[in-house]
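All of the numbers you see were taken from the coordinates with simple rules; none came from a lab. Quantities reported herein were computed from a predicted structural model and do not represent experimental measurements. Because the Cβ atoms are built from the backbone with ideal geometry, glycine has one as well, and the counts that use them run over all protein chains shown.
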């Protein structure tokens, strides 16, 4: 005949082993979840890097466009003096072509 204390200890040991197995399963699930999260973080870091590169390209393009617009404004301001100079030259030629008698 078994001692009631031995029976109780055996049942307690059985419960502890069962709980231990559940804990190990949960730890395993946590490790898998952590691995998935680390993979997602890696992909997000890559996307952020790509976004940074895109923003840099956009800024460079913006600088180029601003410079081009500034150059166009400069060219626009030169058009009027060129027109005046060409008109003055034509008028000078026309006046010189008129005979003085």
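Tell me the mean residue ellipticity at 222 nm calculated for the chain from its helices only (DSSP H runs of n ≥ 4, each -39500 (n - 2.57), averaged over every residue, nearest 500). Mind showing how you got there, number by number?
Numbers: 1 runs with 94 residues, N = 101.
Helix-only estimate at 222 nm: -36000 deg cm²/dmol.
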Taking all pairs of distinct alpha-carbon atoms in the range 41-90, Kirkwood radius in angstrom | 14.2
Multiply the residue gap between residue 7 and residue 35 by 0.36 nm, knock off their C-alpha separation, and tell me the result in nm, one decimal place.
-> 5.9 nm
Approximate spin-label separation residue 65-residue 44, in nm, with each point projected 7 Å along Cα-to-Cβ = 3.1
Between 0 and 90°, nearest 10: helix 4-97 axis offset from the chain longest Cα axis = 0
